[in-house]
Amino acid sequence: MSFELPALKYAHDALEPHIDARTMEIHHGKHHAGYTNKLNAAIVGSALDGKSIEEILSSLDMSNKAVRNNGGGFYNHRLFWEVMSPNGGGTPSGELGAAIDDSFGSFDAFKEKFSTAAGSQFGSGWAWLCVHPGGKLEVCATPNQDNPLMPGVGCGGTPILGLDVWEHAYYLHYQNRRPDYVSAFYNVINWEEVGNRYDSNK
Ligand code: MN
């Protein structure tokens, strides 16, 4: 069994002006495709072949750099495309909205914490919103293509929202202005999808 690059559910230009079409083309068609192909090459014929990506990452030998980098890259980008939508933005409702208020005090307090995590991740990495069993939420960041499913990365739970802060995610449009890209991300977050992921993993 090999992993496949998932198709985007919206056009490359659908997230403009917040995320530009050229960035989406390269990011999905080159970067994510590359992680997917290299993950498949790294696991073919090994004991990991046939396992789900969640199984692979949650029991990962972190010294296996090929699977760590490319398995993380495959999983992280698949989540990233799903939690964005041309009809995104606004605020979360339902149980997720209540859990954000419980965990952070308010939606604005959550945004400040998430933006700080995204802005202060030195170099390449990701900012996350994760849910723990019982429903408690956590915001954190990880370097490179690490993610909270992996052992010992300093944050845990199941990621339900992720923001890619590698320069390849924003440099064409925003150059060095990562804070502007992070601010724009809130306009495309698919809170319905994030809420569904909260409900399924709490
Ligand atoms: Mn990326």
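The values are calculated or read from the model by the stated rules, or taken from the named source; none is laboratory data. Since we're looking at a predicted model, the values are computed, not measured. Neighbour counts are summed over all protein chains in view; Cβ atoms, including those assigned to glycine, are modelled from backbone coordinates with ideal geometry. These accessible areas exclude ligands, DNA and RNA; they are computed on the full protein's heavy atoms, side chains included. Shrake-Rupley method; radii C 1.70, N 1.55, O 1.52, S 1.80 Å.
Quick look at the values:
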| read-out | value |
| --- | --- |
| Odd one out for Arg197, checked against (1) open to solvent by 20 Å² or more (accessible area, probe 1.4 Å); (2) part of a loop (DSSP other than H, G, I, E, B) | (2) |
| Enumerated helices (runs of 4 or more DSSP H) restricted to segment 1-106, each holding at least 1 residues that are within 16 Å of the ligand (Cβ to nearest atom), open to solvent by 40 Å² or more (accessible area, probe 1.4 Å) and in contact (Cβ under 8 Å) with a residue 12 or more places away in the chain | 21-26, 33-43, 65-82 |
| Of residues in segment 143-172 being open to solvent by 60 Å² or more (accessible area, probe 1.4 Å) and within 14 Å of the ligand (Cβ to nearest atom), the one nearest to Ile53 (Cα to Cα) | Asn144 |
| Residue in segment 124-131 that is more than 19 Å from Tyr35 (Cα to Cα), touching a helix residue (DSSP H, G or I) at 6+ places or on another chain (Cβ under 8 Å), at pLDDT 95 or above and part of a loop (DSSP other than H, G, I, E, B) present | no |
| Residue check for Val131: within 16 Å of the ligand (Cβ to nearest atom), of a type in the set (A, V, I, L, M), touching a Gly at 6+ places or on another chain (Cβ under 9 Å) and open to solvent by less than 30 Å² (accessible area, probe 1.4 Å) | no |
| Test: residue in segment 141-153 that is without any contact (Cβ under 8 Å) to a residue 24 or more places away in the chain and out of contact with any Gly (no Cβ under 7 Å at 6 or more places or on another chain) | yes |
| Answer from Ser93, Ser103 - the residue that is more than 28 Å from His28 (Cβ to Cβ), touching a Phe, Trp or Tyr at 6+ places or on another chain (Cβ under 9 Å) and at pLDDT below 95 | Ser93 |
| Hey, Leu8 within 15 Å of the chain's Cα centre (by Cα), closer than 23 Å to Pro151 by Cα and modelled with pLDDT of 95 or more or not | no |
| Test: residue in segment 139-152 that is among the aliphatic types (A, V, I, L, M) and outside any strand (DSSP E or B) | yes |
